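Everything on this sheet refers to the single structure shown next.
Only the coordinates and a few stated rules stand behind these numbers; no lab work does. Bear in mind the structure is a predicted one, so any value in this text is a computation, not a measurement. When we count neighbours, we look across all protein chains shown, and the Cβ atoms used for this are built from the backbone with ideal geometry, even at glycine.
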Amino acid sequence: MTDESDYEEYRNTLDEIVDGGGCVETMTAAEGLRRGETSRRDLLGSDALAGSVSDVLAEVDAADVRATLREGYDDLADVREAFRQTVDLSLFDVLAANGVDLAIDALTLDPAVCLKTFTEADLEEAITLVPTVHDDGVVGRIVVRTTVESEPVTIHAIPAWDRSYAVRGTRLVLPDGTIEDCVDVSEHRTGVDCDPEQAARAEYVQTVCPVDGETYVLETACSTVR
């Protein structure tokens, strides 16, 4: 388990998380991203991300996306509270019934980090705020990672839609008891620049899984566009 002292170097402010300015970029993988190499950690397993990359989802200005992410939040405490208020507690009952003993009170919601650190650093616990880009625009999504008996689990909350779900490996877990093995996922380019400081254009790419007519984002990455 990563201890409190290890978390200190990763702590960021709300603005840094949204802008990426507080990222810890000393990891080899992060360096590779800046050189344009494929280096992001695949949380879902290599087979699950074998799907195609679609056309750009929507033309959304990056500045508008960042403004949307900040909307309604004065600081990270507000983000954490929004997460607690949005997550359907039935989700934890479904997880427990499937061997994951977890409760919302057990989530540390810390450290708060930007997307690059969330995906590239080997943190057992973390929280981040990312955009979910859809055909009609963008909403903010709060993602919390925790580790249960060495298994990483991410809990996703979208306050604007009052939606929450969990991801275990390739499995999507919904509060109504639905568990979908997302083996036929696809990656969607969002058209939104996620790292303006990078020489090569990098944008948010969403790995998605459709279930009963709804599309769930399993993972968001900042990927170089070739």
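Apply the Karplus curve 6.51 cos²θ - 1.76 cosθ + 1.60, θ = phi - 60°, to the phi angles in segment 96-112 and return the couplings in whole Hz, x for Gly and Pro.
Working through the residues one at a time gives 4, 5, 10, x, 10, 7, 8, 9, 4, 5, 7, 7, 6, 6, 7, x, 8 Hz.
Compute the FRET efficiency between residue 135 and residue 198 as 1/(1 + (r/R0)^6), taking r as their Cβ-Cβ distance and R0 = 22 Å, and round to the nearest 0.05.
Between residue 135 and residue 198 the formula returns 0.25.
At R0 = 22 Å, how high is the FRET efficiency between residue 102 and residue 9 if r is their beta carbon distance? Nearest 0.05 is fine.
E between residue 102 and residue 9, to the nearest 0.05, is 0.25.
Given H placed 1.01 Å from N in the peptide plane, which residues other than close sequence neighbours of residue 219 have an amide H under 5 Å from its amide H?
Here 207 satisfy the definition.
For segment 98-226, give the magnitude of the charge dipole about the Cα centre (Cβ charges: +1 Lys/Arg, -1 Asp/Glu; no others), in debye to the nearest 20.
Dipole about the Cα centre, nearest 20: 320 debye.
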